[in-house]
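Q: The structure follows.
The values are calculated or read from the model by the stated rules, or taken from the named source; none is laboratory data. A quick note: this is a predicted structure, and the numbers were derived from the prediction, not measured. As a convention, Cβ positions derive from the backbone with ideal geometry for all residues, glycine included, and neighbour counts pool all protein chains shown.
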Amino acid sequence: MSGRPGRLSRELVVKAALELIDTEGLGALSMRRVGQALDVEAMSLYRYVTSREALLDAVVESIMDELWADPEVQFQPEDGWQDCLTRLAHAVRRHAVAHPRAFPLVATRPPEAPFVRPPLRSQRWLDAFLTALRSRGFTDEGALYAYRAYTSFLLGHLLLEVAHSAEDPAVTDAPLHDAVAVKDPGLPIEAAAHVDAADHPLVAEFATRPAEDHAEQEFTGGLYDLLARLAAHPGAGPTT
């Protein structure tokens, strides 16, 4: 990637920052390191982003733009609202898994407005979500209930999943890390060294079992249950 100042752009700066986070973790991100990646002085970056905090916000925006452009995301629910929400959920998961070290930023950076919830964290996303459900017969109350339940489901599953997959101490920079970095019962064998077998024998037993990755199946099953719960809400639209 050429780093001559005349070839710089905000897009290149943000792309370099995201690549740095993806490969080395959030703790590695600095204006100096991004400048090195682009072969320019760090000061030249401030023409495009005013600070590291602004760069973090721009990284989040770039991930959300990737998701918005995902061809699987269909906000015109011609095949029903369940299909619309299923496509969107799996698209969010794909992008979270693609950027496990950056996705916690999507959850923790301040959204555009207090009523906007990550990971659908902008008014553009909220408007598209509510419009899609209203077009399929949801009441206002039903659509808002679905938005709250849906975003909670996505964060609950995906923050936990990326906390496991990132294996990155630098992710502790994200405020929610302590809340999500909890090991599943299928603990890796090396975790046994950290278990007090005398006080917690059952935990020690599980810690000696090989770890198994059921993240995708658990996500799909949880999404199925969520859609059934949304369909049962009195404000939901028809299921066909």
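Q: When you go through (1) more than 28 Å from GLY222 (Cβ to Cβ); (2) over 21 Å from the mean Cα position of the chain (by Cα) one by one for LEU55, which number turns out not to apply?
A: (2)
Q: Output yes when any residue across the stretch 16-32 is in contact with a helix residue (DSSP H, G or I) (Cβ under 6 Å, 6 or more places away or on another chain) and outside any helix (DSSP H, G or I), and no when none is.
A: yes
Q: Test each condition in (1) out of contact with any Phe, Trp or Tyr (no Cβ under 9 Å at 6 or more places or on another chain); (2) surrounded by 14 or more Cβ atoms within 10 Å (Cβ to Cβ) for ALA143 and report the one that comes out false.
A: Unmet for ALA143, out of (1) out of contact with any Phe, Trp or Tyr (no Cβ under 9 Å at 6 or more places or on another chain); (2) surrounded by 14 or more Cβ atoms within 10 Å (Cβ to Cβ): (1).
Q: Within the stretch 111-164, which residues are of a type outside the set (S, T, N, Q) and either assigned to a loop (DSSP other than H, G, I, E, B) or not assigned by TED's automatic domain parsing to the domain that holds ASP83 (or both)?
A: Scanning the stretch 111-164 gives PRO111, GLU112, ALA113, PRO114, PHE115, VAL116, PRO118, PRO119, ARG121, ARG136, GLY137, PHE138.
Condition check ((1) touching a helix residue (DSSP H, G or I) at 6+ places or on another chain (Cβ under 7 Å); (2) part of a helix (DSSP H, G or I)) across all residues:
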{"position": "VAL40", "(1), (2)": "yes, no"}
{"position": "LEU45", "(1), (2)": "yes, yes"}
{"position": "LEU56", "(1), (2)": "yes, yes"}
{"position": "ILE63", "(1), (2)": "yes, yes"}
{"position": "LEU88", "(1), (2)": "no, yes"}
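Q: Being within 24 Å of the chain's Cα centre (by Cα) and buried (at least 18 other Cβ atoms within 10 Å of the Cβ) is the filter here, so list the residues in the stretch 129-140 that pass it.
A: The answer is PHE129, ALA132, LEU133.
Residues checked against (1) touching a His at 6+ places or on another chain (Cβ under 7 Å); (2) at pLDDT below 75; (3) loosely packed, with under 14 Cβ neighbours inside 10 Å; (4) not charged (D, E, K, R):
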| site | (1), (2), (3), (4) |
| --- | --- |
| GLU161 | no, no, no, no |
| ASP168 | no, yes, no, no |
| ASP173 | no, yes, no, no |
| ILE189 | no, yes, yes, yes |
| ASP199 | no, no, yes, no |
| ALA211 | no, yes, no, yes |
| GLY221 | no, no, yes, yes |
| PRO238 | no, no, yes, yes |
